[in-house]
Protein chains: 2
Amino acid sequence: MADPEKRVKAIIRKLRDHGHKITPQRLAIAKIVAVSNGHPSVEAIYEQVRKDFPTMSLATVYRNIFILKSLGEILELGFPDGGNRYDGNRPFPHPHVICVKCGKVVDPVLDSLDEMKKEVAEETEFAILTHRLDFFGICRHCQSLE
Amino acid sequence: MADPEKRVKAIIRKLRDHGHKITPQRLAIAKIVAVSNGHPSVEAIYEQVRKDFPTMSLATVYRNIFILKSLGEILELGFPDGGNRYDGNRPFPHPHVICVKCGKVVDPVLDSLDEMKKEVAEETEFAILTHRLDFFGICRHCQSLE
DNA sequence: GTCTTAATTAGTAAAAATTATCATTTAAAA
DNA sequence: TTTTAAATGATAATTTTTACTAATTAAGAC
């Protein structure tokens, strides 16, 4: 995992470079997504920030997530049913392994993906910009409960 | 692409086997998703069915998609922003290449995926149930327009 | 073919997730 | 300090999906 402190600094620099103000609320959100423990949802981020900012508005969370997405500093993991979740620690596309029982998300190492991307580009004549690779299954812990 | 007529028959058989009635509306929806031209959204399916069933309710489309999903006869492609789209012609997980300009969806051939799945299962100790692999890029036609 | 019944439908209300609006506040540069 | 454009909080509006209910209908029994 990338050093969360470095990630916070990188995010702040990017925000400044694009003329965004560094408000306390924004900073708090940046700190949470820089760690991205458990790949939090908007609601989870909201709850966590509210501990320090009880008056925080949900709209502010959405607003900042939108900006961080636009700047490429946060990765959105879309779930067909259920809300999106976010990773600001590794904001580049990477594979996920998701437990359908408890929702845990693990990041596996998969080197062969780049090769695959090239193959697809050649075969389809698309200019590939990004990708999404998620495996859904049952984690070791949830398997033991069955 | 699998023969759409065979797909319709397979879907109907599955529906019957599970005690579902074959209504004209349901049949019309099955026919559309069996072809899945362009990987239609709920709205697209709704519009298309309404040509033959002007009184068709949107709820009916959602209800039948839900049933077909449960029976494994339709695959849901989730898009983080924007609605879901569906493939009832190839209802098993398979890679997609999606044009971010025009929304076109292409199904590339990628054999190496099974091997990847095994690797991930070993590395993470998850029991992998399914997966999702989508590439996003710009198709040949949209590239030529730039 | 007719009858019976449980499933399905249409229409609409409700819920959930996200985005827009706007008056007020505030970060940051002069 | 002062100024100003951007950000916030609160809430309304929008979008997507699900829930509800009375009326309709497919499919099996007779």
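The values are calculated or read from the model by the stated rules, or taken from the named source; none is laboratory data. The shown structure was predicted, so the numbers you read here are calculated from the model rather than taken from an experiment. Cβ placement follows ideal geometry from the backbone for every residue including glycine, while neighbour counts extend to all protein chains displayed.
Residue by residue, here is whether (1) closer than 28 Å to A:Phe135 by Cα; (2) in a helix (DSSP H, G or I); (3) away from DNA strand D (no atom under 12 Å from the Cβ) holds:
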residue	(1), (2), (3)
A:Lys6	no, yes, yes
A:Gln25	no, yes, no
A:Ile32	yes, yes, yes
A:Glu73	yes, no, yes
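From the list A:Lys31, A:Lys14, the lone residue that is at pLDDT 95 or above and within 14 Å of DNA strand C (Cβ to nearest atom) is A:Lys14. Looking across region A:8-23, the residues that are in a helix (DSSP H, G or I) and over 30 Å from A:Gly103 (Cα atoms) come down to A:Arg13, A:Lys14, A:Leu15, A:Arg16, A:Asp17. Scan region A:1-36 for residues that are more than 11 Å from A:Gly88 (Cβ to Cβ), free of Cβ contacts under 8 Å to residues at least 40 places away in the same chain and not hydroxyl-bearing (Ser, Thr, Tyr) and the total you get is 16.
Restricting B:Val109, B:Val42, B:Val105 to those that are at pLDDT 95 or above and β-branched (Val, Ile, Thr) reduces the list to B:Val42. Does B:Leu113 meet the test of being under 12 Å from the mean Cα position of the chain (by Cα) and hydrophobic (A, V, I, L, M, F, W, C)? For B:Leu113, the condition - under 12 Å from the mean Cα position of the chain (by Cα) and hydrophobic (A, V, I, L, M, F, W, C) - is not met. Exactly one residue among A:Tyr46, A:Tyr62 is buried (at least 17 other Cβ atoms within 10 Å of the Cβ), more than 8 Å from DNA strand D (Cβ to nearest atom), more than 19 Å from A:Ala10 (Cα to Cα) and aromatic (Phe, Trp, Tyr), and that residue is A:Tyr46.
Filtered by the rule that a residue be at pLDDT below 95 and of a type outside the set (A, V, I, L, M), region A:55-80 gives A:Thr55, A:Glu76, A:Gly78, A:Phe79, A:Pro80.
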